[in-house]
Each structure stands twice: as structure tokens, then as C-alpha cells.
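Laboratory data are not the source of any read-out in this text; all were calculated from the coordinates shown. Just so we're clear, the structure is a prediction, and the values are computed from it rather than from any experiment. Methodologically, a virtual Cβ is constructed for each residue, glycine included, from the backbone with ideal geometry; neighbour enumeration extends over all protein chains shown.
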Amino acid sequence: MALSGLAIAGIIIIIIGVIMAIIGIILLIVENTATISWYVWFLVIGGILMGIIGGILLAIALSESTVPIIPAQPVYKPLCPQQMCPQQQPTCPQIKPIPQPQPSCYIPPTVTPFVKPQVPLVPSPIYNQRVEKLGEETFDPDPVTSVIDTPPTTVRRTVNGPYGPSGENIDVTGVHKIPGQRTYVTRDIPEHPVVSNISEF
């Protein structure tokens, strides 16, 4: 059986696609790096696509060449028409034509749509868990200011001063009043290591 031009083109495209795919796979194995060159992917993907296209062309060509050609059957007429037959013969022998083969009707099969099953989500199991402490636990308190009030006091004492009639210094007694005072104390404790139960936070 002679191959048609479409079949020859399909075979050539398949051969070129296979050669491109093989070269691309070899380069892909040889490079084996994180970044593959673009032409390697071009050879692999282009070879696969050319092989698919060539296979489609070859299948179309083979399907066209295998379609049976049914020759036209001759239609036979009666050998002796009734008007030409003698009066003593009531009927004339006739040859029935050969029945033509009827083309079969192709009924495509019913395709059931694919229903994706619902898979429940299963949590991944924990085989090993380890907690490692990174650094030291510390606490840095804020500054705290406290106020201390001291009440006023009175003390009787004898002092020497310019209390004389003419402003001379003499010793006199009296009450010495000491006023009260308020003291502000701010304490800032520096950051220091602590130990606590982290689960309570």
C-alpha cells in the first residue's frame, strides 16, 4: 500500500520530534543544575508536541487510506420487456439487482462525567517535637517613683545672735521650727533574668 503525502509528512514530523525530545532529555540529564537553559526545555517540549502532531497526521492519513471503496453495482433490466414478449408467454424472466450494502450507523458511547470524590482533610501526624530555648528570659521593670513626706518639727534651743538692745550678740532661748519636706525617689531597676511559667501568658 503506497503512503500518501500526509502520511509521509506525519512520519517525518514524528522522527524529528523524537530526535528533539531525546536530545533535550540528554541535555537535561547532563546539566543537572538548578537553572536549566531555555533551549533544553524547548527541545523537550517541542519534540513532544511535534510527535503528537505527526501522530495525528499519520492517523488521519491511515484512516483515509483504509476506507473501503465499494464499486458501483450495475443495475440490470429485464432481458425481455413485456411488450416485446410473445403472446404465449405471460411473463418474462427478470434478473434482480444485487442489493447494495447499507452503511452502518455509528452510535457514540455514552460518556459518564467524572465525579471527583470528596476526601476528608486528615491532619498530618507529629512524629517528633522538640522545643529549644533561644536566649535568656529577662524582665525590665518600668521606673517607679515614690513620695516620702517628712512632717515639720519644733525644737527649743538657745542661740547666740544679734538680739541685744543695741543689736549686739547675746544668748537667747526660743522655739526653732523646722518645716516639713517632701522627697521624691525614683527607682529604675535594670533588666534582669527571671524564670516564669510561659504557659500562663
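How much length is gained on full extension from SER196 to ILE25, taking 0.36 nm per residue of separation minus their Cα-Cα distance?
55.5 nm
How high is the FRET efficiency between SER37 and LEU62 when r is their beta carbon distance and R₀ equals 30 Å, given to the nearest 0.05?
Rounded to the nearest 0.05, the efficiency is 0.20.
For VAL194, what charge total do you get from the other residues with a beta carbon under 11 Å from its beta carbon, if Lys and Arg give +1 and Asp and Glu give -1?
Local net charge: -4.
Label points 7 Å out from Cα along the Cβ direction at ASP188 and GLN118: separation in nm?
That separation, rounded to one decimal, is 6.3 nm.
Which distance in nm do the two modelled labels at GLU168 and ILE53 give, with both placed 7 Å along the Cα-to-Cβ direction?
13.6 nm
If you put +1 on each Lys and Arg Cβ and -1 on each Asp and Glu Cβ, how big is the dipole of region 138-201 around its Cα centre, in Debye rounded to 20?
Dipole size: approximately 560 debye.
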